[in-house]
Amino acid sequence: MGTTSTGLKQLTTFGFGGTVINSVPGEVRTPPGLTHTSHHGVWRHLGGRRYGLTMWDIFYDQTTGQVLQYTKIRSELTLDSDDEMSARAQLQFLNLQGEVVLSRSATVAYRRIQYEPLD
């Protein structure tokens, strides 16, 4: 579970073999408003306790299904402990031609979700 420097909560799953899926609030909305998919991407070990990732998502019109823009997120993550990780990220919002229309930086603090037995 991650929290950005702006307080945005997110759930991120790092899969075996280098896949990553990230979910943030706002993925599902009722009209009017933009809707977007979960972020999907890849991660790679950079050495030591450092990892890199690249993810994409698609913004679309919920009523028509028309694609409106994309977001690309590149991030470098550092394992601070077995259960905590910090990240710095670069977000790029791209138009349908692939041109960057907005770019911003962010930081994220992650904490591993712990297993809780039923009984």
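Taken together, the values in this text are just the output of simple stated rules run on the coordinates, not laboratory data. Because the structure is a prediction, the values reported are computed rather than measured. All Cβ positions, even for glycine, are placed from backbone atoms using ideal geometry, and neighbour counts span all protein chains on display.
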Residue count, segment 54-86, condition among the acidic types (D, E), assigned to a strand (DSSP E or B) and out of contact with any Lys or Arg (no Cβ under 7 Å at 6 or more places or on another chain), comes to 2
Selection over segment 48-83 where residues are more than 23 Å from T35 (Cα to Cα) and among the charged types (D, E, K, R) yields a count of 6
Pairing a residue in segment 68-91 that is touching a residue at least 60 places away in the same chain (Cβ under 8 Å) with any residue that is aromatic (F, W, Y) and surrounded by 15 or more Cβ atoms within 10 Å (Cβ to Cβ), where Cβ atoms lie under 9 Å and the two sit 6 or more apart in sequence or on different chains, gives A87/Y51; A87/Y110
